Ligand code: GAP
């Protein structure tokens, strides 16, 4: 077993099984035997990922006056990755077992024996994590390009474009959500460490000297954000000098207490002016900022909160998973839950009930992501919705036909109340926000 790890957990296995069974997460390329480190997201997983990304975009970009968005190409001129230090320095130490030839990250191994067979390990060597591809019809060294290992690169390359085209003034941020790729030596712990993942990154540019204050502000701000989407069991941890990436002056990790140990879901780094400086030098372009008030020209420093969508998703699933007797409930925050409500006719073979329930369903669909279910008995439908985290279930029964009201049942308390059909939208809006 490797350093810091706990044994495979029963809880994680249950989450993996639920995620597959209920259409959240499937192993990638499953019908061909899978592909290590790649996963596909099913209908509910896709909704949940959208909700995480939308919550981040709303709070980090749209609700702020000092942050703008960007969507840069995944593949960039390879010179950018040389300048950023990724070609020479973005690597993990790799050791290989001389007997079974399994490969491991040297910094995860305790002792000098193979954790799988006890064989001798080779000396550690640096293994570059960038995934390569080639551009155009001829495959040679001149056509080599990289799938971006972090979304940040595209932001630095567009710093001047944003400065020239938008009316931004320091301090300001550029945010981006998108895919990143790393040829991880040991993808593991379900979607915690994969080779293809999504990042939500903000590069917040500040005047040198104001960086430490803004760094602290962002650590606090980001911690609060996790609380706002209902994530408990998080803590912050300052990285030691040895742990920090080659570009960072300081980094604080936001960690979640996973079943396999406390692990990073987001890193907030003070990247100084490393990136703008390196790209200015390599491209020959002036990437300085001119401050009108003081007539000063300088390279801004940057504070970078960088989070992984899949890691947050796994943390939210672990945090939300609970068993109450024979009921499994995902106690997801309504903002994150794939479906906000499910609508049922009490009996599927009573056309009047189905008709009214369908009317309500179609009407709610205009404002909320809602599900329809008419299979089995009501108890089973409740349990089925609990397992995927649907906060409210709405049942149309015979009284509904007379009194124009429905039963609304809340997931966590299982409490039920009658709500007038006309007031249903307002009722749900109040409860869901
Ligand atoms: N631009 C800074 C940066 O990329 P990082 O700490 O290497 O920093 C940031 O990555 C976040 O991206 C991590 O906190 C994690 O959530 C996510 N991440 C990184 N590598 C990952 C992987 N192999 N699988 C899933 N998520 C990953």
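Values quoted throughout were computed directly from the atomic coordinates according to the rules given, and no laboratory measurement underlies them. Since this is a predicted model, take the numbers as computed values, not measurements. Every residue, glycine as well, gets a Cβ built from its backbone with ideal geometry; the counts of neighbours run over all protein chains shown.
With a 10 Å radius around each residue's Cβ, average the other Cβ atoms per peptide and rank 169-181, 50-62, 128-140, highest first. Present the calculation step by step, with values, prior to reporting the outcome.
Values: 169-181: 20.2, 50-62: 17.5, 128-140: 12.4.
Going by the mean number of other Cβ atoms within 10 Å, highest first, we get 169-181, 50-62, 128-140.
Let me have the relative contact order for the chain, percent, based on Cα pairs under 8 Å that are six or more residues apart. Spell out each step's value before the answer.
Numbers: 796 pairs, mean separation 55.9, N = 433.
Result for the chain is 13 percent.
Compute the separation of the alpha-carbon centres of segment 343-376 and segment 167-204 and state it in Å as a whole number.
39
Rounded, prolate or oblate: which fits segment 225-352, taking a ≥ b ≥ c as square roots of the Cα gyration tensor eigenvalues, rounded meaning a/c under 1.5, else prolate when a/b beats b/c?
On the way: a/c = 3.92, a/b = 2.17, b/c = 1.81.
Prolate shape, in that a/c is at least 1.5 and a/b is the bigger ratio.
Report the paramagnetic label zone for residue 352: residues of segment 389-409 whose backbone N is under 12 Å from a point 7 Å from Cα along the Cα-to-Cβ axis.
Counting only backbone N, you get 397-404.
How tilted is helix 274-283 with respect to the longest principal axis of the chain? Cα atoms for both, answer in degrees (0 to 90, nearest 10).
Rounded to the nearest ten degrees, it is 60.
With a ≥ b ≥ c taken as the square roots of the eigenvalues of the C-alpha gyration tensor of segment 381-433, please select rounded if a/c is under 1.5 and otherwise prolate if a/b is larger than b/c or oblate if it is not? Intermediate values should be presented prior to the final figure.
On the way: a/c = 2.47, a/b = 1.37, b/c = 1.80.
Oblate.
Measure nothing fancy, just the Cα-based angle from helix 10-21's long axis to the longest principal axis of the chain, in degrees from 0 to 90, nearest 10.
The angle comes out near 70 degrees.
Over all directions, the average projected area of the alpha-carbon convex hull for the chain comes to how many nm²?
Numbers: hull surface 104.0 nm².
Result: a mean projected hull area of 26.0 nm².
Label points 7 Å out from Cα along the Cβ direction at residue 40 and residue 164: separation in nm?
4.3
What whole number of Å gives the distance from the Cα centroid of segment 208-223 to the Cα centroid of segment 61-88?
Between the Cα centre of segment 61-88 and that of segment 208-223, the gap is 20 Å.
For the chain, take the longest principal axis of its alpha carbons; what is the angle in degrees between that and the long axis of helix 43-57, to the nearest 10 within 0 to 90?
Roughly 60 degrees between the two axes.
Using 7 Å Cα-to-Cβ label points, what is the residue 377/residue 98 separation (nm, one decimal)?
6.7
Residues in segment 364-408 near a label at residue 420, defined as backbone nitrogen under 14 Å from the 7 Å Cα→Cβ point?
Zone members listed by number: 403-406.
Using label points projected 7 Å from each Cα along Cα→Cβ, tell me how many nm separate residue 134 and residue 232, to one decimal.
Each label point lies 7 Å from its Cα, and together they span 5.5 nm.
For the peptides 391-399, 253-261, what is the packing order when you average, over each peptide's residues, the other Cβ atoms within 10 Å and list the highest mean first?
On the way: 391-399: 21.0, 253-261: 19.2.
The most tightly packed comes first, giving 391-399, 253-261.
Using a Gaussian network model of the chain with C-alpha springs under 10 Å, which one of 124, 143, 283 is most mobile by mean-square fluctuation?
Among 124, 143, 283, the largest GNM mean-square fluctuation belongs to 143.
Output the peptides 319-325, 183-189 sorted from most to least packed, where packing is the average of other Cβ atoms within 10 Å over each peptide's residues. Let's see the in-between values first.
Working: 319-325: 14.1, 183-189: 18.1.
In descending order of packing, they fall as 183-189, 319-325.
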